[in-house]
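Heads up: the structure comes next, in structure tokens.
The values are calculated or read from the model by the stated rules, or taken from the named source; none is laboratory data. Values in this document were obtained by computation on a predicted structure and should not be read as measured data. Every residue, glycine among them, receives a Cβ derived from its backbone with ideal geometry; neighbour counts consider all protein chains shown. Side chains are part of the model used for accessible areas, which takes the heavy atoms of the whole protein and leaves out ligands, DNA and RNA. Shrake-Rupley method; radii C 1.70, N 1.55, O 1.52, S 1.80 Å.
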Amino acid sequence: MSGATNFYSKAAGTAEIAERFGDLHPPFEKTAAVTEAHRCLYCFDAPCMGACPTHIDVPKFIKKIASGNLEGSAKTILDANILGASCARACPVDVLCEGACVMHRYNKQPIEIGRLQRFAMDALHASGAGMPFTPGAATGKSVALIGGGPASLACAAELRRRGVRAEIFDARPLPGGLNTYGIAEYKLPLAESLREIDLLTELGVEFHFETVVDAAKLVELETRYDAVFLGVGLGAIHELGIVGEELEGVTNALDFIAGYKSGAIESAPAKVAVIGAGNTAIDAANAAVRLGADEVHMVYRRGPEQMSAFAFEYEHAMREGVKFLWNVAPVKVAGTTKVHGLELARLETSADGSLVPMQGENFVLAVDLVVLAIGQGTHTDFLLDGKVQLERGRIVIDRATGQTSNAKYFAGGDCTNGGREVVDAVADGKRAGIGIAVWLEGQHANA
Ligand code: SF4
């Protein structure tokens, strides 16, 4: 499929889920937004701008909110970050822009940059004004982008603004990758991800859905297009390798989150265990609570100090009612055909620093659903045979241009950095889009 322009309408039917997964940070009312915008000091050399991987001109867009120029504000945001709407909702602002706000130095609350950004972007969408940029004059060049997530979307937008044809190939039926399928609904609703992508189609970004790109398909695309961008993200969530893992009632966090966001999963059973302690594990645990589970445990082999989830995510999970089991490791999933328990071993630290099970301290947690969230593998098998240089399964790139060891191939996002934030993927895609356009121009000049 290509040339589609209304993905937003395909989110219909998820209203009940949207209600259960109400906004984590409710939107600003107009008066509150303007009041907050007036609090900003419009700093010169603003640290909030430096802390944003896409370097949005924060004081400029906030000043435009203060003066009532909401369309201009949204344009400022989109100029730096074409996925400014989803980043406004999904970014961990506490550790990025808001974490860097000078207000901290004066013992004041930081400016609520994320909510202001959302206010401007929501206003643009509500006004129906559309994408404030137009495609560049056609260069006659074309790029195939593999994967439809944030890195590819950002790369495609940069290419279109420079007159390069951009065609995205994705295995799923809808665009957006993790933005659409993998971020907790209370942070970024599926519908909002699609609404934002509708704007990109106004730039002429084209999509081919339900298209798996394997090694053979890649060769075909390489021949047909002037360059290839790899934005394939990460692979499947790791398995535990323990008895009972194949039972009904064992799933992984990404499938669980994608399932309820797309409407395939409407409820959770009474007792749920989520294995892992990263941000995705927390998203899955909170989702289980909101889907009706009575008791949700997060199970982690170390203590709270070592968990990889942000501190604010941990606090949020506790507020949602998630319980934590520290210093335990799963040893067996119990059940006949369906899961009914998870056997756990208590762990202690041995003299050499390794974690070892405590003798006679195993116990069984009664559960109906086990959700694995113990990190993802890479998804680069189709690049074997030296197509591009890999390091521990990650694609090696020039960080300034996104170019790989193979000049015709560029890459960005999780497949190059091992899994970071949406805004990091957008920054990568943006850099690569510019890098590809410059490289294509050089090829043309040397031809
Ligand atoms: Fe405004 Fe804070 Fe950024 Fe300064 S650092 S421009 S006060 S948001």
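Each residue in the stretch 222-251 was checked for being in contact with a His (Cβ under 9 Å, 6 or more places away or on another chain) and either more than 25 Å from residue 340 (Cα to Cα) or outside any loop (DSSP other than H, G, I, E, B) (or both), and 5 of them qualify. I'd like to know if the stretch 75-83 contains one or more residues that are open to solvent by 30 Å² or more (accessible area, probe 1.4 Å) and either modelled with pLDDT of 95 or more or assigned to a helix (DSSP H, G or I) (or both). So far as the stretch 75-83 goes, yes, one or more of its residues are open to solvent by 30 Å² or more (accessible area, probe 1.4 Å) and either modelled with pLDDT of 95 or more or assigned to a helix (DSSP H, G or I) (or both). Residues considered: 266, 295, 206, 220. Of these, the only one that is modelled with pLDDT of 95 or more, surrounded by fewer than 16 Cβ atoms within 10 Å (Cβ to Cβ) and not polar (S, T, N, Q) is 220. Annotation note: of 367, 426, the sole residue that is surrounded by 15 or more Cβ atoms within 10 Å (Cβ to Cβ) and in contact with a Ser or Thr (Cβ under 6 Å, 6 or more places away or on another chain) is 426. Residue by residue through the stretch 120-160, note down the ones that are under 29 Å from residue 382 (Cβ atoms) and open to solvent by 30 Å² or more (accessible area, probe 1.4 Å). Passing the criteria: 139, 140, 141, 160. Screening the stretch 30-45 for residues that are open to solvent by 60 Å² or more (accessible area, probe 1.4 Å) and either among the charged types (D, E, K, R) or within 18 Å of residue 87 (Cβ to Cβ) (or both) and picking the one that is nearest to the ligand (Cβ to nearest atom) gives 39. If you check 123, 100 for being within 15 Å of the ligand (Cβ to nearest atom) and either closer than 25 Å to residue 179 by Cβ or small (Gly, Ala, Ser) (or both), only one passes: 100.
A single member of 79, 57, 45 is on the phi > 0 side of the Ramachandran plot and assigned by TED's automatic domain parsing to the domain that holds residue 170, and it is 45.
Here are some residues: 48, 91. Which one is at pLDDT 95 or above, buried (at least 23 other Cβ atoms within 10 Å of the Cβ) and more than 9 Å from the ligand (Cβ to nearest atom)?
Being at pLDDT 95 or above, buried (at least 23 other Cβ atoms within 10 Å of the Cβ) and more than 9 Å from the ligand (Cβ to nearest atom) holds for just one of 48, 91, which is 91.
Contact annotation: residue pairs with Cβ atoms under 6 Å, 6 or more positions apart or on different chains, pairing a residue in the stretch 185-203 that is closer than 14 Å to residue 158 by Cα with a partner that is in a helix (DSSP H, G or I) and charged (D, E, K, R), are 203/160.
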